[in-house]
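See below for the structure under consideration.
The values are calculated or read from the model by the stated rules, or taken from the named source; none is laboratory data. The structure displayed is predicted, hence computed values, not measured ones. Please note: Cβ atoms are built from the backbone with ideal geometry, for glycine as well, and neighbour counts cover all protein chains shown.
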Amino acid sequence: MKKFPEQMVLKFNDPRYFSIVKKNTELLARRMGFNENRIFDLAMAVEEAYVNAIEHGGKGSELNLKVEFLVYPDRLEISVSDTGCGFDLTRIEIPKTLKNLEGVRGRGLGLIKRLSDRFVLSSVPGSGTLIKIIKFVSSRRARKSMSLENI
């Protein structure tokens, strides 16, 4: 009998490895039975989180990116974290709509939140940032779970 969650962790100091993160996201989601639309949403959310970590997580040898995949029978949880400067969560507002989608800046967290079934953001100034993206295999399951406090 399998024990859940199954875990895979990728750690990089070089942002060029993004394609490995994206391909692993898509491969895991496909093997879990996600449909192509949900795979696209998940890959896009992970891409945005990874780009944010690259942009705000430090430079050169300071850039410590970690991508953790937790596989459950009904969902995939992907955490993207960095050890950068972090920020004060009380000083930002995550957009509730995507009206700024054409904009060059300020759309990442709102987009990640919209593409995720569940979204967790944690950051401490001076200690880095963690973005957790949770996507259920079935969109029906995702709607049902929205009322749950804990997964």
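Summary table below
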item: Candidate set: the stretch 70-119, residues that are modelled with pLDDT under 85 and among the aliphatic types (A, V, I, L, M); chosen: the one farthest from ILE134 (Cα to Cα); result: VAL104
item: Exclusive hit being surrounded by 12 or more Cβ atoms within 10 Å (Cβ to Cβ) and modelled with pLDDT under 90, set SER122, SER139; result: SER139
item: Residues within the stretch 11-54 that are closer than 18 Å to ILE134 by Cβ and not in a helix (DSSP H, G or I), tallied; result: 3
item: Filtered residues of the stretch 56-91 (kept if buried (at least 21 other Cβ atoms within 10 Å of the Cβ) and part of a loop (DSSP other than H, G, I, E, B)); result: GLY57, GLY84
item: Sole residue being among the aromatic types (Phe, Trp, Tyr), surrounded by fewer than 17 Cβ atoms within 10 Å (Cβ to Cβ) and in contact (Cβ under 8 Å) with a residue 24 or more places away in the chain, chosen from PHE12, PHE4, PHE40, PHE34; result: PHE4
